[in-house]
1. With (1) over 30 Å from R602 (Cβ atoms); (2) touching a Ser or Thr at 6+ places or on another chain (Cβ under 8 Å); (3) in contact (Cβ under 8 Å) with a residue 60 or more places away in the chain; (4) surrounded by fewer than 18 Cβ atoms within 10 Å (Cβ to Cβ) as the list, and S324 as the residue in question, which single condition is left unmet?
2. For region 563-617, give me each residue that is in contact with a Leu (Cβ under 9 Å, 6 or more places away or on another chain) and surrounded by fewer than 13 Cβ atoms within 10 Å (Cβ to Cβ).
3. Any idea how many residues of region 180-193 are surrounded by fewer than 18 Cβ atoms within 10 Å (Cβ to Cβ) and either within 16 Å of the ligand (Cβ to nearest atom) or in a helix (DSSP H, G or I) (or both)?
4. Quick check on region 152-169: of everything there that is within 16 Å of the ligand (Cβ to nearest atom) and within 27 Å of E7 (Cα to Cα), which residue is nearest to the chain's Cα centre (by Cα)?
5. Taking E122 as meeting all but one of (1) under 28 Å from P275 (Cα atoms); (2) in contact with a strand residue (DSSP E or B) (Cβ under 8 Å, 6 or more places away or on another chain); (3) among the acidic types (D, E), write down the number of the exception.
6. Report yes if L37 is surrounded by 14 or more Cβ atoms within 10 Å (Cβ to Cβ), in contact with a Phe, Trp or Tyr (Cβ under 7 Å, 6 or more places away or on another chain) and either of a type outside the set (K, R) or in contact (Cβ under 8 Å) with a residue 24 or more places away in the chain (or both), otherwise no.
7. How about region 548-636: which helices (runs of 4 or more DSSP H) wholly inside it have at least 2 residues that are closer than 29 Å to Y250 by Cβ?
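The values are calculated or read from the model by the stated rules, or taken from the named source; none is laboratory data. As the structure is a prediction and not an experimental result, all values here were calculated from the model. Reconstructed Cβ throughout: ideal geometry from the backbone, glycine too, with neighbour counts over all protein chains shown.
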Amino acid sequence: MIQQKIESLRSKIEHLNKQYYVYHISEVSDSEFDSLLKELEKLEAENPQFFDSNSPTQRVGSDLIGGFESVEHRYPMQSLGNTYSIGEVSEWMERTTKESNLSNSYCCELKFDGAAISLTYEKGRFTRAVTRGDGVRGDDVSAAIRTIRSIPMTLCGDNIPAVMEVRGEVYMPFGVFEQLNERRYDIGEEPFANPRNATSGSLKLQSPTEIAARELECVLYSIQCDTLSTKTHHETLQLMHSWGFVTSTYTTLCHSIEEVERYVAKWDKARHKLPFATDGIVIKVDSLAVQRTLGSTAKAPRWAVAYKFKAEEAITTLLSVEFSVGRTGAVTPVANLEPVQLSGTTVKRASMHNAEQIALLDIRVGDKVAIEKGGEIIPKITRVVTEQRGLFSTPIEFPERCPACYSPLVKREGEAKHYCVNSSGCPPQIVGRIAHFVSRKAMYIDSIGEQTIELLFANKLVRSIADLYDLRAEQIEGLERMGELSASNIIAGIEKSKSVPYARVLFALGIRYVGETTAKKLAAAIPSFDELGGASFERLVAVEEVGEKIARSILEYFSDEANILTIERLRSVGLQFEGEAKEVLSDILSGKRVVISGTFERHSRDELKELIEAHGGLNQSSVGKNTDLLLAGAGLGPAKLEKAQKLGTIIISETDFELMINS
Ligand code: IVH
């Protein structure tokens, strides 16, 4: 009886998951979904004899992942033959036609740029996920893969093979990648170079909760099994989709070289508008019988080829190198370049990351260098055109002292960056900390920008975040570019910040590694700053999302007398050092029911949900009669759109929403 109840709840939840993540249909509201999940959690906890690792409650298991077992693939994971020339693609098509004595159809697909994955299903149940590794053996990353909700744990439908490996690519959409890097920057961690690195890095994290927060996605493009009933590749894709797998919606069946060329030309341009990274097109012979005839070489199948997009590159001269000091004291070399056009923008500066990178590429001032904008936002130097090196190129010397305050730089074991440790006396660090303190996600004092902080600092009016609260309008009025109005705006903004809730104050303090989410989790678990200051290492690491590195950093923060004095001053002017994490920003959406659908450029869905609640609104998962607003992003399901239009629901974009909540 109980067992049946548990199983029926599991399959109901799994079904709702699939409808939502694979077919973009919400059958129930968020709260109904949550209550089903809670009910299942309760029954499972009371009846541990019915444990199942594929239960929807186990997607974010609580245990840390120990290590990654090395596993042999049942069928090796091959790579693909590559070409950058469309001429070679058409030669390959002619060859495959000749060798199979058939005029073939070809399935053209996007080449997703993430991490290849192989998922094993036995009797329609997920059993294991393994990375590509060396093609023969990979790492078992099942726990990480379970956190990706669009990957089904159980399949339903017709002709499901008894055992199969389903292959595809796990990737991180640009929007998620940019937010992740922003958060990493905020807490002084090195940003990921591109979404591909961020994806593989995420799969190797130890904590399932952290992996789930990375919002990875997965698209599947092939099946390895001995008993497949389909005759063509595109039919296989349709069958996979019917079982509950996400397959690419950008696949096209082509019948001639011209059609393939048109597909390639279209995506070579249109890929820049996609919300995820692609590095080419994969062209596959559609007939599975012909695929078998053509077979494989030792490395790659003969029935498929990858046309790779050329990375957009420009060659220019490295004029000089500056060393910039961030808020955490990290010193980053920045290249000043002879201005050059690159994918539609003029580039004058590029990041050079760190001393090791400079040495590795042997970059010298005066060199001709190649710059690229990969998945990254800031262009980077990828190589030196050494053939064009002049006699007078000069090696770059990494400074031994801080370029801003001249104190000696330190490079810690295991870190790539040099640091200036004079945090209380180094001007860019002081200005950077204040800029972080006033920023949008922290105290949100938008009347103070970086230039204002520099001005206040240069005039000796602020040296620490606490000094902001001693400022008087008449001190500001007389400064360059300031007037009565800007001075009173600044003072009003500072005054208003006194009601910012504790979790954001905690983030605003800029404790190293304590990002926005960690601050929220800390404030929820330990809702008083005094208690946080007295918390032991063990208590800190017991908080969700807090690892040893963060715990040590918090302890270090509280052991610094200067920080304690700053806090005392902030407390005495009335800042919040206690309280729940929930915040109220306005009542502009008071009582409004809002549905979020699609993906967005500047916010994750969770952030949007929080914003809706913070402005008094209610989140709903599906459009119904009582829905007031549909917040629509890219890839909004057509069914949802049609329903909203029929019901006359107001449809707004991310920009409309931002305007609304900021009005
Ligand atoms: S088919 C035998 N299709 O590209 C290999 N691969 O360079 C068959 N990839 O390891 C692979 N998108 O990680 C195929 N639509 C797609 C793909 C794709 C990305 C990756 C995959 C593979 C690598 C080969």
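1. (1)
2. G591
3. Within region 180-193, the first condition is being surrounded by fewer than 18 Cβ atoms within 10 Å (Cβ to Cβ), and the residues that meet it are 182-185, 189-190, 193.
With either within 16 Å of the ligand (Cβ to nearest atom) or in a helix (DSSP H, G or I) (or both) added as a condition, the list becomes 182-185.
Qualifying residue count for the region: 4.
4. Quick first cut of region 152-169, residues within 16 Å of the ligand (Cβ to nearest atom) only: 164-169.
Then drop every residue that is not within 27 Å of E7 (Cα to Cα), which leaves 164-166.
Values: M164: 30, E165: 27, V166: 24 Å.
The residue in question is V166.
5. The number of the failed condition is (1).
6. Values: surrounded by 14 or more Cβ atoms within 10 Å (Cβ to Cβ): yes; in contact with a Phe, Trp or Tyr (Cβ under 7 Å, 6 or more places away or on another chain): no; either of a type outside the set (K, R) or in contact (Cβ under 8 Å) with a residue 24 or more places away in the chain (or both): yes.
Against the criterion (surrounded by 14 or more Cβ atoms within 10 Å (Cβ to Cβ), in contact with a Phe, Trp or Tyr (Cβ under 7 Å, 6 or more places away or on another chain) and either of a type outside the set (K, R) or in contact (Cβ under 8 Å) with a residue 24 or more places away in the chain (or both)), L37 does not qualify.
7. Details: elements: 548-558, 561-572, 605-614.
Here the list reads 605-614.
A quick yes/no check of all residues on (1) more than 16 Å from the ligand (Cβ to nearest atom); (2) hydrophobic (A, V, I, L, M, F, W, C):
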{"position": "L40", "(1), (2)": "yes, yes"}
{"position": "A45", "(1), (2)": "yes, yes"}
{"position": "F51", "(1), (2)": "yes, yes"}
{"position": "Q58", "(1), (2)": "yes, no"}
{"position": "L64", "(1), (2)": "yes, yes"}
{"position": "F68", "(1), (2)": "yes, yes"}
{"position": "Q78", "(1), (2)": "no, no"}
{"position": "G81", "(1), (2)": "no, no"}
